[in-house]
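Below: one structure, written as structure tokens.
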Amino acid sequence: MSDTPIATAFTELVGVRTPIVQTGMGWVAGPRLVSAAANAGALGILASATMTPEQLRSAVREVRSRSGAPFGVNLRADASDAGERVRIILDEGVKVASFALAPRPELIARLKDAGVVVIPSVGARRHAEKVAAWGADAVLVQGGEGGGHTGSVATTVLLPQVVDAVDIPVIAAGGFRDGRGLVAALAYGAAGVAMGTRFLLTSDSTVPDAVKARYLAAGVQDVTVTTKVDGLPHRMLRTDLVDALERSGRTASLLRALRHASAFKRDSGMSWAAVIRDGLAMKHGRELTWSQVLLAANTPMLLKAAMVDGRTDLGVMAGGQVAGLIDDLPSCAELVERIMAEAHATLGRLPTVV
Ligand SMILES: Cc1cc2nc3c(=O)[nH]c(=O)nc-3n(C[C@H](O)[C@H](O)[C@H](O)COP(=O)(O)O)c2cc1C
């Protein structure tokens, strides 16, 4: 029966109706998408890395005014103002803190003491083991097919590896879009699925139509991984910009990086010191050139050019391989209902053991 809930350790932990997460995506996961996902029974997660702290506070309040369901906030643990963002999460009584990079044990403890559920995102087994040992309540594991910053190990290999390694609920991400995927993830031992690209491609997402059209038109081979944007493997649609970045030399990269960094500084109100501090935090422990550090600091502007301004020519369109399989724009309510119905149908079709 498609209306029978599928209860898992994740739905119990967070108090949502379905084992589905709409992930925090910069410039995409704003109050409208998050409240629509939450009202549909999924865990909606606000992306805060591309908001100022004041914008984050008002976005949290807007979600709350549109939905009574639990939701989360995604933040970068290495951001210079992470403490201020955590303060907002605590002040505003947000249910879930999601982290793009592993948060420190003290930060996890501070959130947990206040009753916030802590769910870091990881792309490798050893990171999952580390955050589990530090007290994370659950872990979101993203396989290489996933959109945005991503690893190289496919979900089908990484997910069972992480499930076997930790005792906390594991949420599977990277390549999911339907009920078959949800059942497959549960069969691997996950407690739910998290989807980015699929929620970006809904009628509730505020991404401009021209940009959504590019994703809908894309085939699996049109989604690529490049390190040329910010030095880290980043999955996105292959465009002329991506091809140009792949070809360009060091000087051209540095000039482009400086141009974008100053635009980001202007729009975000950040000081150069803060831009450099965030860039250095990213550089720490990695082999990045200065142009990559600057590009890293302004990657949000490249994403904004597409996701907010609709510039398919200038912007970065982050997305997973699954974009190649998606060809419609349902509402979040239609999507979640469809996934649950497909999951039940899939479970009903599984061979019975005699
Ligand atoms: C446009 C876009 C922006 C993203 N921004 C973030 C982000 O700010 N923080 C984060 O933790 N993950 C981010 N991600 C990764 C997603 O949260 C998610 O883990 C990923 O999309 C899952 O793979 P899928 O696209 O195959 O569903 C982003 C992904 C996309 C497509």
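The values are calculated or read from the model by the stated rules, or taken from the named source; none is laboratory data. Keep in mind it's a predicted model, so treat the numbers as computed, not measured. Here the Cβ positions follow ideal geometry from the backbone for every residue, glycine too, while neighbour counts run over all protein chains shown. Areas reflect the complete protein model, heavy atoms only, side chains present, ligands, DNA and RNA absent. Shrake-Rupley method; radii C 1.70, N 1.55, O 1.52, S 1.80 Å.
For the chain, take N as its residue count and report Rg(C-alpha) divided by 2.2 N^0.38 Å.
Working: Rg = 19.2 Å, N = 354, 2.2 N^0.38 = 20.5 Å.
Output field value: 0.94.
Which value, in debye to the nearest 20, describes the size of the charge dipole of the stretch 133-240 about its Cα centre when Lys and Arg Cβ atoms bear +1, Asp and Glu Cβ atoms bear -1, and nothing else is charged?
Values: 8 positive and 10 negative charges, 61 e Å.
Dipole of the stretch 133-240, to the nearest 20 debye: 300 debye.
Accessible area of the chain with a 1.4 Å probe: how many percent of it is carbon plus sulfur? Spell out each step's value before the answer.
Numbers: 7930 of 14990 Å².
Carbon and sulfur: 53 percent of the exposed surface of the chain.
Given charges of +1 on the Cβ of Lys and Arg and -1 on the Cβ of Asp and Glu, with all other atoms neutral, how large is the dipole of the stretch 40-161 about its Cα centre, in debye to the nearest 20?
Details: 14 positive and 12 negative charges, 25 e Å.
Charge dipole, the stretch 40-161, about its Cα centre: 120 debye, nearest 20.
Sorted by mean Cβ packing within 10 Å, highest first, what order do the peptides 169-175, 48-54, 147-153 take?
Sorting 169-175, 48-54, 147-153 by mean packing, highest first, produces 169-175, 147-153, 48-54.
Highest mean first, what order results for 330-341, 210-221 on Cβ atoms within 10 Å? Don't skip to the end; give the middle numbers.
Details: 330-341: 19.8, 210-221: 15.6.
Output ranking for 330-341, 210-221: 330-341, 210-221.
Based on DSSP H assignment, which helices of the chain show an axial Cα extent of at least 24 Å together with a mean Kyte-Doolittle hydropathy greater than or equal to 0.0? If you can, show how the numbers build up before the last one.
Details: long enough: 250-268 (26 Å, -0.54); 290-307 (26 Å, 0.86); 332-349 (25 Å, 0.23).
Span-like helices here: 290-307, 332-349.
Among residues other than Tyr188 whose Cβ falls under 15 Å from its Cβ, what is the net charge (Lys/Arg +1, Asp/Glu -1)?
Value of the local net charge: 0.
Per residue of the chain, what 222 nm ellipticity follows from adding -39500 (n - 2.57) for every DSSP H run with n ≥ 4, rounded to the nearest 500? Before the final figure, lay out each step's value.
Numbers: 15 runs with 166 residues, N = 354.
Helix contribution divided over all residues of the chain: -14000 deg cm²/dmol.
Counting only other residues whose beta carbon sits under 12 Å from that of Ala333, what net charge do I get with K and R as +1, D and E as -1?
Working: positive: Arg17, Arg338; negative: Asp204, Glu334, Glu337.
Neighbour charge sum, excluding Ala333 itself: -1.
So what's the net charge close to Asp91: Lys and Arg +1, Asp and Glu -1, counting the other residues with Cβ under 11 Å from its Cβ? Each step should come with its number before you reach the end.
On the way: positive: Arg57, Arg61, Arg85, Arg87; negative: Glu84, Glu92.
Cβ neighbours under 11 Å give a net charge of +2.
How far apart, in nm, are two points set 7 Å out from the Cα along the Cα-to-Cβ line at Val220 and at Ser65?
Calculated label separation equals 4.5 nm.
Would you be so kind as to identify which of Ala218, Thr239, Ala138 lies farthest towards the positive end of the dipole of the chain, taking Lys and Arg as +1 and Asp and Glu as -1 on Cβ and the Cα centre as origin?
Thr239
Trp134: accessible area at probe 1.4 Å, nearest 10 Å²?
90
Name the shape class, rounded, prolate or oblate, that the alpha-carbon gyration tensor gives for the stretch 1-160, where a ≥ b ≥ c are the square roots of its eigenvalues, rounded holds for a/c under 1.5, and otherwise prolate holds if a/b is larger than b/c and oblate otherwise. Don't skip to the answer; put the middle values down first.
On the way: a/c = 1.40, a/b = 1.06, b/c = 1.32.
Rounded is the answer for the stretch 1-160, as its axis ratio a/c remains below 1.5.
Where both partners of a DSSP beta bridge lie in the chain, what percent of those bridges are antiparallel, to the nearest 5?
Numbers: 7 of 33 bridges.
Antiparallel bridges: around 20 percent, rounded to the nearest 5.
Only loop residues by DSSP count here, and only those with at most 15 other Cβ atoms within 10 Å; note down the trypsin sites (Lys or Arg not before Pro) in the stretch 108-186 that meet that. Intermediate results must be reported in sequence, preceding the final value.
Working: sites: Arg110, Lys112, Arg125, Arg126, Lys130, Arg177, Arg180; in loops: Arg177.
Answer by residue number: there is no such site.
In debye, nearest 20, what is the charge dipole magnitude of the chain about its Cα centre with +1 on Lys and Arg Cβ and -1 on Asp and Glu Cβ, if you could check?
Details: 37 positive and 34 negative charges, 151 e Å.
Approximately 720 debye in magnitude.
If you roll a 1.4 Å probe over the heavy atoms of the protein chains, what accessible area per residue do you get for the chain, in Å²? Walk me through the numbers on the way to the answer.
Values: 14990 Å² over 354 residues.
In whole numbers, the chain has 42 Å² accessible per residue.
What full-extension length gain, to one decimal in nm, is calculated for Ala154 and Glu54 as 0.36 nm per residue of separation minus the Cα-Cα distance? All intermediate terms of the calculation are to be shown ahead of the outcome.
Working: separation 100, 0.36 × 100 = 36.00 nm, distance 3.72 nm.
Computed gain between Ala154 and Glu54 is 32.3 nm.
Over 32 Å between Cα atoms: which of Lys95/Lys212; Lys112/Lys212; Lys112/Lys228; Lys130/Lys212 fall into that group?
Working: Lys95/Lys212 30 Å; Lys112/Lys212 37 Å; Lys112/Lys228 37 Å; Lys130/Lys212 37 Å.
Among Lys95/Lys212; Lys112/Lys212; Lys112/Lys228; Lys130/Lys212, the Cα-Cα distance tops 32 Å for Lys112/Lys212; Lys112/Lys228; Lys130/Lys212.
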